[in-house]
1. Can you name every residue in the stretch A:248-273 that is free of Cβ contacts under 8 Å to residues at least 40 places away in the same chain, part of a loop (DSSP other than H, G, I, E, B) and on the phi < 0 side of the Ramachandran plot?
2. So, of the residues in the stretch A:186-208 that are modelled with pLDDT of 90 or more and of a type in the set (Ser, Thr, Tyr), which turns out to be surrounded by the fewest Cβ atoms within 10 Å (Cβ to Cβ)?
3. Across the stretch A:53-102, what is the number of residues that are basic (Lys, Arg) and part of a helix (DSSP H, G or I)?
4. Taking A:Thr114 as the residue in question, decide whether it is more than 20 Å from A:Arg152 (Cβ to Cβ) and surrounded by fewer than 23 Cβ atoms within 10 Å (Cβ to Cβ).
5. Could you check the stretch A:179-227 and list, in sequence order, the residues that are more than 10 Å from every other protein chain (Cβ to nearest Cβ), within 21 Å of A:Ser158 (Cα to Cα) and not in a loop (DSSP other than H, G, I, E, B)?
6. So, of the residues in the stretch B:38-57 that are in contact (Cβ under 8 Å) with a residue 24 or more places away in the chain and at the interface with chain A (Cβ under 7 Å from one of its Cβ atoms), which turns out to be nearest to A:Ile260 (Cα to Cα)?
7. Residues in the stretch B:42-53: is at least one at pLDDT 95 or above, in a strand (DSSP E or B), in contact with a strand residue (DSSP E or B) (Cβ under 7 Å, 6 or more places away or on another chain) and among the aromatic types (Phe, Trp, Tyr)?
Amino acid sequence: MQVMNKPDAITECNTLNDKDFMRYSRQVLLPEVGEAGQLRLADAHVVVVGIGGLGQLAAQYLACAGVGELTLIDMDKVEVSNLPRQLLFSDADIGLNKALVAKERLNFLAPNCTITAYETSFNIKQLYGVLQKKRQGKCTLVLDCTDNFETRQLINRSCVEAYLPLVSASIAAFSGQLFAVDQISFPSSGCYHCIFPAHTRVSHSCSTQGVLGPSVGVMASMQSLVAMQLLLGMDSRCDGALHPLLGHFWRFDAKSLSWISAKLTRDPYCDVCGVRKAIPYLT
Amino acid sequence: MILIHINNVAQSLTQPTSLAELILAQNIALDSIALVLNTQVVPRNRWQTILCQHEDKLELFSAVAGG
């Protein structure tokens, strides 16, 4: 089921109005943002898949920062065990769909943001709206904030097929992972399937291993920071190999507070983004 | 003999060893991890054809899918 709201547009011309200039002044102050950057955010459309620990915070950051349109997707309902880390929700929301509750809260927190909520699992048809925006030349992104490997594979495949940039974060216990890929501006970095093919054995999830709320918050904050910089087009003059954000894979150790970065490389035999047929390697 | 580092632990190899052979020798299933070789993620399809070199630094890690 799809639910939309239609607030007043932040701007219908190429300048911020006085009210929004005040609201976003701390961002506009940054030379990397400025009025043009703020208008760029207002013109952007971000799809957030998974409105759990990661997605509920990333959606707040993006909506409140002035991103013009968000699509929120989650089939799950709020549970009492979510409340220590999913701070957008309260006891009164238990049993309600996460995407719908988040939409209602964000309408209040960020009235400039147009929000569409899907209370279903992810499917590629939910990207049609953002693809229309992309064809109109607007900034578009997909954030993977989900909690299972199979959906992460589906989102990755969908983004590769739709040529949409993907910013993916994950966390379980004290280990976080984050990466950003874009098949148009940096195809040589490959995709999620190049790192972890679909048949990879995975055992790390919050429901089986546990997690601390601030660890989730760190990953969601970094994911939002990467997303905003990509939307703002910062360092867009860099070619792929020099881009400071695209094509990197970061791992976070929440015990030592250390980050490790590695560069991604495309698997030419990748079933999802490769051009040649995969070869068997488990022989 | 060549010296390599796996997750910051030094290890010596006495014969040419591929990345795949090295991982299997650690009793780690190939389909359970990703591998970073000298700060670059190496796709699994290349593990059989890349031989470890002296002073290589390898990081092995599992997928984290929670959120």
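1. A:Ser256, A:Pro268, A:Tyr269 - these are the residues of the stretch A:248-273 that are free of Cβ contacts under 8 Å to residues at least 40 places away in the same chain, part of a loop (DSSP other than H, G, I, E, B) and on the phi < 0 side of the Ramachandran plot.
2. Residue satisfying both the conditions and the ranking: A:Ser188.
3. Just the residues of the stretch A:53-102 that are basic (Lys, Arg), to begin with: A:77, A:85, A:98.
Cutting the leftovers down to part of a helix (DSSP H, G or I) gives us A:98.
So the answer is 1.
4. Spelling it out, A:Thr114 is indeed more than 20 Å from A:Arg152 (Cβ to Cβ) and surrounded by fewer than 23 Cβ atoms within 10 Å (Cβ to Cβ).
5. Matches in the stretch A:179-227: A:Ala180, A:Val181, A:Pro187, A:Ser188, A:Ser224, A:Val226, A:Ala227.
6. Out of the qualifying residues, it is B:Trp47.
7. No - not one qualifying residue is present in the stretch B:42-53.
Conditions tested, residue by residue: (1) aromatic (Phe, Trp, Tyr); (2) outside any helix (DSSP H, G or I); (3) at negative phi.
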residue: A:Glu104; (1), (2), (3): no, no, yes
residue: A:Phe108; (1), (2), (3): yes, no, yes
residue: A:Ala117; (1), (2), (3): no, yes, yes
residue: A:Phe122; (1), (2), (3): yes, yes, yes
residue: A:Gln126; (1), (2), (3): no, no, yes
residue: A:Leu141; (1), (2), (3): no, yes, yes
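The values are calculated or read from the model by the stated rules, or taken from the named source; none is laboratory data. Keep in mind the model is a prediction, meaning the values are calculated, not measured. Heads up, the Cβs are rebuilt from the backbone with ideal geometry, glycines too, and the neighbour counts pull from every protein chain shown.
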